[in-house]
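Single-structure report; data block below.
The values are calculated or read from the model by the stated rules, or taken from the named source; none is laboratory data. Computed from a prediction, not measured in an experiment: that's the story for all the values here. Backbone-built Cβ (ideal geometry, glycine too); neighbour counts: all protein chains shown. The area values use the complete protein model at the heavy-atom level, side chains included, leaving out ligands, DNA and RNA. Shrake-Rupley method; radii C 1.70, N 1.55, O 1.52, S 1.80 Å.
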Amino acid sequence: SDDVIENMKNIYSGKYSYKTPQAREFWKTIDLSNARSKWAWNSIPPEPLKSGLKLVASKIMYKPFLDNANRYLTPQARNIVFNEPRLLFHFSYATWNGSGWFKKFASDINKAVNLGITNPDKLVKIAIASRTNEGLKEGSAPNSLIKQGGKKIEQFINEIRF
């Protein structure tokens, strides 16, 4: 059922059917750790669960990431993104944001590449601006959650040496 309350009843009763084995593994790991009663809301899980969940999450998101990249990035832009770790991180995270956001970010990068901008440093700035300066539709106000994520991504890619 698409009804959230029915889905919750099915999850807690054990009748829920997961879409992939990786999704089942992800939620089974969380359930077996008794996260509902032991973890603080929005907290980072303790090791070794944290590492295991990251690996399973990456398995879950790999196919949607490739699908979005192939659907929304031009071949030239995709080649640049796949060879630039900062842009790869940005678009991997965009997969979590959803295909609409991925498409918006890809559109901005595609436009830049079509204008001849291929310098990764410039494209990273365009990617961050795409997240922080505008909403889903061109000219709209930024979405506060996406903007906040953009600032965190910018901080992360500036701190980490890829």
Expected output for segment 17-29 (first residue farther than 17 Å from Lys54 by Cβ, partner of a type in the set (Lys, Arg), Cβ below 8 Å, 6+ apart or cross-chain) is Tyr18/Arg24
Of the listed residues (Arg161, Arg71), the one being among the basic types (Lys, Arg) and at pLDDT below 95 is Arg161
Scanning segment 70-105 for residues that are free of Cβ contacts under 8 Å to residues at least 24 places away in the same chain and closer than 17 Å to Pro120 by Cα gives Pro75, Arg78, Asn79, Phe82, Asn83, Leu88
Of the listed residues (Ile128, Ile153, Ile80), the one being at pLDDT below 95, open to solvent by less than 80 Å² (accessible area, probe 1.4 Å), assigned to a helix (DSSP H, G or I) and among the β-branched types (Val, Ile, Thr) is Ile153
Going through segment 36-69 in order, the residues found to be touching a Lys or Arg at 6+ places or on another chain (Cβ under 8 Å) and free of Cβ contacts under 8 Å to residues at least 12 places away in the same chain are Ile44
Subset of segment 109-162, residues over 22 Å from Gln76 (Cα atoms) and in contact with a helix residue (DSSP H, G or I) (Cβ under 7 Å, 6 or more places away or on another chain), comes to Thr132, Leu136, Pro142, Ile146, Lys147, Gly149, Gly150, Lys151, Ile153, Glu154, Ile157
The residue that is farthest from Gly149 (Cα to Cα), considering only those in segment 101-130 that are under 16 Å from the mean Cα position of the chain (by Cα) and of a type in the set (D, E, K, R), is Lys103
